[in-house]
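Asks: Could you have a look at this structure, given as structure tokens, before my questions?
The values are calculated or read from the model by the stated rules, or taken from the named source; none is laboratory data. Since this is a predicted model, take the numbers as computed values, not measurements. Positions of Cβ are generated from backbone atoms using ideal geometry, with glycine treated the same way; all protein chains shown enter the neighbour counts.
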Amino acid sequence: MNSSLAVAALILFVSLMLMLPLVPAFVELRRKSDASPLNVVQQHAGEIRHFANSFRTYIQVLEPTLQQCVASGTTASGILSDGVEYLALGRCDDSQTLPIQQPGAVCPVTIASGSDLVLPPEITFLRDVYAGGQFRGGDSNSYRAILGEKNVHLGHSSRVSRWAHAVGEFSAEHDCELSGRISSDTCIRLQGACNFLRLNAPQIETGHVMHGEDSTLLNSEDDTNASSGVVQRFLHDGDFEVHAGELVTGNIVARGKLQIGAGARICGSVKSVGDMILGAGVSVQGSLISGKQMLIGPDCNVNGPIIAERALHISAGTRCGSLQHPTTVSAPRIEAEEGVAVFGTLWAREHGEVVAS
Amino acid sequence: MIYVLYFIVFVICVYTARHYWFTLNRLFGFQRHPYIDIDTASWPLVTVLVAAHNEEKVISNILSALMTVKYPEGQMLVIPVNDRSTDGTRVIIDDFVERFPGRIQPFHRAGGKGGKAAALKDAMELVTTEVILIFDADYIPGAGLIKQLVAPFFDPEVGGVMGRVVPLNVGTNLLTRLLDLERTGGYQVDQQARMNLRLVPQHGGTVAGVRLSALREIGGWNDQSLTEDTDLTYRLLLHGWKTVYQNRSECYEEVPETWAVRIKQIMRWAKGHNQAMVTYGLRLLLGKHRATLRERIDGALLLGVYAMAPVTLLGWALALAVFFRGVAPLHGVIALFALTAYAALGNLAAFFEIAAAARLDGTRKRICLLPFLILGFAVSIFSVSRAALSQVSDLVTGAELHWDKTERFRKVL
């Protein structure tokens, strides 16, 4: 081989070696197998009732069957278009006829009831459950999802793994584990030691809540000052304390820890980059935001959203939002004592729990 | 000469470390999305400004999308800011005004200073709400986006909000695919890491929001700036306001489809960014203001990103000079080790960041295009360096900065 040929062969070989890593790139450029825009959620936008609404649409095909079952007082079974087996019940006591009476049994079919539905205890429902009327679940049951057109009541130590929605009131006895999205068009009531993640209803109550009038946080003059548009901002670079009983008109931002003394009133929003502690009976017209942990003392009233980036403890008697001004309470970990009322959304990203006061 | 080279190598190493820090934070660190859960609230009045200069190809898409977003009725006013358009933009806007009475208030601007900042500045006479959102006309907001962008303003420390930009015309050609990868890295990793680490997420001037009181406090829109978004980020920071990034508030945009348009776009960004660096750099690092130490350092590094292109080119030239003059210390041993280490780790940093971003997005095959990014980087480094040189020459000759609109490629509906 002459030297020129050897050099040319070497150059060709090196060029091929250099091109080798580019082969997958050229293939992808030509095939365009992953060239569509990133899928951005455009429509349902995290709507908590999305799954409930989808399930209602999905179950609509059973409507005639359910009406027939209710009219004749019978049960019917069959297979839905996607191959899922269902059991349609016409009477509230039909569940007594289910082949799943013994404790620990597993029910593998979708249950749809045209009227009230009462379920026996200690059953695992692998498929969604639909109740056209009132829903009452037995103790220690495990559900994938529940849609109730009226009230939904779970017995103690029950578990919901995906979602539950009640058009009426949703209530859960003590020690329930609500892992998914729980929503109601009227009210959610959770008893002690219930775990939760995401709750949404016009009114959410933990344990027994003392019902008074919708709180009037501030008098009308304060309210006018705070809502007249631009409010003053107080920026503090370190820790800061609002003294007990003090009235502050404006937004407070503390770059350190923030402590608000008992009975203080804030006509504005409050932010702390560090921990935030509210004493008893504090009123805040705007939002409460903490970069770390937040402890809200007893009998506080907060109108705006409450966000803690690490953990949140809400003491008994506290009201978050109101029927007129629903709000969001969110933190990775939330402890709500019995006797707390939240109007709107209560969202624990990792773990939420109702604890004894 | 050798000390200049040492300095350049040091700065490049700092940026390399920064890339790794951000990427590792995104992969393994604590992720901050504090406001994304706010889905129920007494939503405030909001004004949505849509900047439009000859946007007949795209303006109807964004206005249609805004008319279908989920935001309480009567709480949102859309103001299309028609900046001296000579095409059919005005007609399209007026048609929407008729079809959606009370929901759109047009601002037709026939004259005045050019540029987005100048147009927004003039449009502020119509704005009365505390929360303002800004979109460029080629964006298509989703149903929940307005609430997501408004939510951070419940935090009284927040002055600005930035959402995530997602290219829509990804599959058009190699350029759009490369820009898609660049955007993925920039938002999914860079911006979110800054948010996680409480650094300086950058306001992008679109899919973004600003608090009226904060804007007034910092003196309004700066119509002298070529990149009003960068300018806004730093003025907010210097006045104690935070800009926050919402990674899950995504919005489609159109990216340039030709290299000429891309080069023009990146040159404008570079000039605007360098302008902000000169204006705010020293003040940010050494001045007396409310920014934290980490914000000062990150903010300064962010200001310097476009300056790094000419600096890197200078570094290459110096390295060649040093090599041929034989002045490398220890007979080039240190240089050899440094070069090997940098080839293994340094060059990889940007690619690692983009690959990690693609993985976080759950995309697979598009990572294969990663080697082609060299091409994009090469074009950027020379374009940005050219912009810097022309900026220096403009400074000497006293020429005014000129704002160039980015050309659109969507077909007219």
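To keep it simple, each residue is scored yes or no on (1) within 14 Å of another protein chain (Cβ to nearest Cβ); (2) on the phi > 0 side of the Ramachandran plot; (3) at pLDDT 90 or above.
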site: A:LEU20; (1), (2), (3): yes, no, no
site: A:VAL27; (1), (2), (3): yes, no, yes
site: A:VAL41; (1), (2), (3): yes, no, no
site: A:HIS44; (1), (2), (3): yes, no, no
site: A:LEU62; (1), (2), (3): no, no, no
site: A:LEU66; (1), (2), (3): no, no, no
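Asks: So, one more: Pairs needed: first member in region B:2-24, hydroxyl-bearing (Ser, Thr, Tyr); second member anywhere, buried (at least 17 other Cβ atoms within 10 Å of the Cβ) and assigned to a helix (DSSP H, G or I); C-beta distance under 6 Å; at least 6 residues apart or different chains.
Replies: B:THR16/B:GLY346; B:THR16/B:ALA349; B:TYR20/B:ALA349; B:THR23/B:VAL189; B:THR23/B:PHE352; B:THR23/B:GLU353; B:THR23/B:ALA356
Asks: Continuing with this model, one more query. For region A:227-283, which residues satisfy the criterion of being within 11 Å of chain B (Cβ to nearest Cβ) and basic (Lys, Arg)?
Replies: Correct list: A:ARG233, A:ARG255, A:LYS271.
Asks: May I ask you to list the residues in region B:54-79 that are in a strand (DSSP E or B) and out of contact with any Lys or Arg (no Cβ under 9 Å at 6 or more places or on another chain)?
Replies: B:ILE79
Asks: Checking the structure you have, find out if any residue of region A:179-197 is in contact (Cβ under 8 Å) with a residue 24 or more places away in the chain, within 19 Å of A:VAL355 (Cβ to Cβ), surrounded by 24 or more Cβ atoms within 10 Å (Cβ to Cβ) and not aliphatic (A, V, I, L, M).
Replies: Scanning region A:179-197, I find at least one residue that is in contact (Cβ under 8 Å) with a residue 24 or more places away in the chain, within 19 Å of A:VAL355 (Cβ to Cβ), surrounded by 24 or more Cβ atoms within 10 Å (Cβ to Cβ) and not aliphatic (A, V, I, L, M), so the answer is yes.
Asks: Here is a further query. Determine which member of the set A:GLY281, A:GLY321 is at positive phi, at pLDDT 95 or above and crowded, with 24+ Cβ neighbours inside 10 Å.
Replies: Numbers: A:GLY281 fails: crowded, with 24+ Cβ neighbours inside 10 Å.
Step by step, each of A:GLY281, A:GLY321 is checked, and only A:GLY321 is at positive phi, at pLDDT 95 or above and crowded, with 24+ Cβ neighbours inside 10 Å.
Asks: Tally up the residues in region A:262-292 that are closer than 18 Å to B:HIS33 by Cα and either assigned to a loop (DSSP other than H, G, I, E, B) or not hydroxyl-bearing (Ser, Thr, Tyr) (or both), please. Give the steps one after another, and end with the answer.
Replies: Step one: list which residues in region A:262-292 are closer than 18 Å to B:HIS33 by Cα, which gives A:271-275, A:287-292.
Pick out the ones that are also either assigned to a loop (DSSP other than H, G, I, E, B) or not hydroxyl-bearing (Ser, Thr, Tyr) (or both) and you get A:271, A:273-275, A:287-289, A:291-292.
Number of matching residues: 9.
Asks: Looking at region A:312-328, is at least one residue over 19 Å from the mean Cα position of the chain (by Cα), under 23 Å from A:MET210 (Cα atoms), within 9 Å of chain B (Cβ to nearest Cβ) and in a loop (DSSP other than H, G, I, E, B)?
Replies: yes
Asks: Right, next: So, B:VAL189, is that one at pLDDT 95 or above, under 27 Å from B:PHE377 (Cα atoms) and away from chain A (no Cβ under 13 Å) or not? Give the derivation first.
Replies: Numbers: at pLDDT 95 or above: yes; under 27 Å from B:PHE377 (Cα atoms): yes; away from chain A (no Cβ under 13 Å): yes.
The answer is yes for B:VAL189.
Asks: Filter region A:329-342 down to residues that are surrounded by fewer than 24 Cβ atoms within 10 Å (Cβ to Cβ), within 11 Å of chain B (Cβ to nearest Cβ) and over 12 Å from the mean Cα position of the chain (by Cα), then give me how many there are.
Replies: Selection size over region A:329-342: 0.
Asks: Here's something else I'd like to know. For B:ASP155, which of the numbered conditions (1) at the interface with chain A (Cβ under 9 Å from one of its Cβ atoms); (2) more than 24 Å from A:THR345 (Cβ to Cβ); (3) surrounded by 23 or more Cβ atoms within 10 Å (Cβ to Cβ) fails to hold?
Replies: Looking at each condition in turn, B:ASP155 falls short on (2).
Asks: Then there's this: If you check B:LEU133, B:LEU174, which single one turns out to be facing another protein chain (nearest Cβ under 10 Å) and either surrounded by 23 or more Cβ atoms within 10 Å (Cβ to Cβ) or among the aliphatic types (A, V, I, L, M) (or both)?
Replies: B:LEU174
Asks: Across region B:36-53, what is the number of residues that are at pLDDT below 95, touching an Asp or Glu at 6+ places or on another chain (Cβ under 7 Å) and either part of a loop (DSSP other than H, G, I, E, B) or of a type in the set (Asp, Glu) (or both)?
Replies: Result for region B:36-53: 1.
Asks: Let me ask another. Output the residues belonging to region B:143-173 that are aromatic (Phe, Trp, Tyr) and in contact with a strand residue (DSSP E or B) (Cβ under 6 Å, 6 or more places away or on another chain).
Replies: B:PHE153
Asks: If the requirement is being outside any helix (DSSP H, G or I) and at pLDDT below 95, which of these qualifies: B:THR86, B:THR129?
Replies: B:THR86
Asks: Using the structure shown, decide if A:ILE289 is modelled with pLDDT of 95 or more, away from chain B (no Cβ under 14 Å), under 24 Å from A:PHE234 (Cβ atoms) and crowded, with 24+ Cβ neighbours inside 10 Å.
Replies: no
Asks: In addition: In region B:194-219, which residues are at positive phi and away from chain A (no Cβ under 14 Å)?
Replies: Selection gives B:GLY205, B:GLY219.
Asks: Related question: Among the residues of region A:48-58, which ones are touching a Ser or Thr at 6+ places or on another chain (Cβ under 8 Å) and assigned to a helix (DSSP H, G or I)?
Replies: Step one: of region A:48-58, the residues touching a Ser or Thr at 6+ places or on another chain (Cβ under 8 Å) are A:48-49, A:52.
Passing the criteria: only A:ALA52.
Asks: Test each condition in (1) touching a residue at least 40 places away in the same chain (Cβ under 8 Å); (2) surrounded by fewer than 18 Cβ atoms within 10 Å (Cβ to Cβ); (3) among the hydrophobic types (A, V, I, L, M, F, W, C); (4) closer than 24 Å to B:GLY299 by Cα for B:TRP259 and report the one that comes out false.
Replies: For B:TRP259, the exception is condition (4).
Asks: Right, another one. Is there a residue in region A:343-356 that is in a loop (DSSP other than H, G, I, E, B) and either surrounded by fewer than 20 Cβ atoms within 10 Å (Cβ to Cβ) or aromatic (Phe, Trp, Tyr) (or both)?
Replies: yes
Conditions tested, residue by residue: (1) surrounded by 17 or more Cβ atoms within 10 Å (Cβ to Cβ); (2) within 14 Å of chain A (Cβ to nearest Cβ); (3) in contact with a Pro (Cβ under 9 Å, 6 or more places away or on another chain); (4) of a type outside the set (S, T, N, Q).
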| site | (1), (2), (3), (4) |
| --- | --- |
| B:ARG26 | yes, no, no, yes |
| B:GLN31 | no, yes, no, no |
| B:LEU45 | no, yes, no, yes |
| B:LEU49 | yes, no, yes, yes |
| B:GLU56 | yes, no, no, yes |
| B:SER60 | yes, no, no, no |
| B:GLU73 | no, no, no, yes |
| B:ASP83 | yes, no, no, yes |
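Asks: Here are B:LEU301, B:LEU284: which of them is of a type outside the set (Asp, Glu), touching a residue at least 60 places away in the same chain (Cβ under 8 Å), more than 27 Å from B:TYR139 (Cβ to Cβ) and in contact with a helix residue (DSSP H, G or I) (Cβ under 8 Å, 6 or more places away or on another chain)?
Replies: Going through B:LEU301, B:LEU284 in turn, the sole match is B:LEU301.
Asks: Any idea how many residues of region B:285-327 are surrounded by 15 or more Cβ atoms within 10 Å (Cβ to Cβ) and farther than 24 Å from B:GLU228 by Cα?
Replies: Number satisfying all stated conditions: 7.
Asks: Tell me, which residue of region B:360-372 that is surrounded by fewer than 19 Cβ atoms within 10 Å (Cβ to Cβ) and within 22 Å of the chain's Cα centre (by Cα) is nearest to the other protein chains (Cβ to nearest Cβ)?
Replies: Of everything passing the filter in region B:360-372, B:ASP361 is nearest to the other protein chains (Cβ to nearest Cβ).
Asks: If you don't mind, another one. Would region B:329-346 turn up any residue that is more than 14 Å from chain A (Cβ to nearest Cβ), modelled with pLDDT of 70 or more and closer than 27 Å to A:GLU28 by Cβ?
Replies: no
Asks: B:CYS251 fails exactly one of the following numbered conditions: (1) at pLDDT 95 or above; (2) within 30 Å of B:LEU174 (Cβ to Cβ); (3) within 13 Å of chain A (Cβ to nearest Cβ). What is the number of that condition?
Replies: The number of the failed condition is (1).
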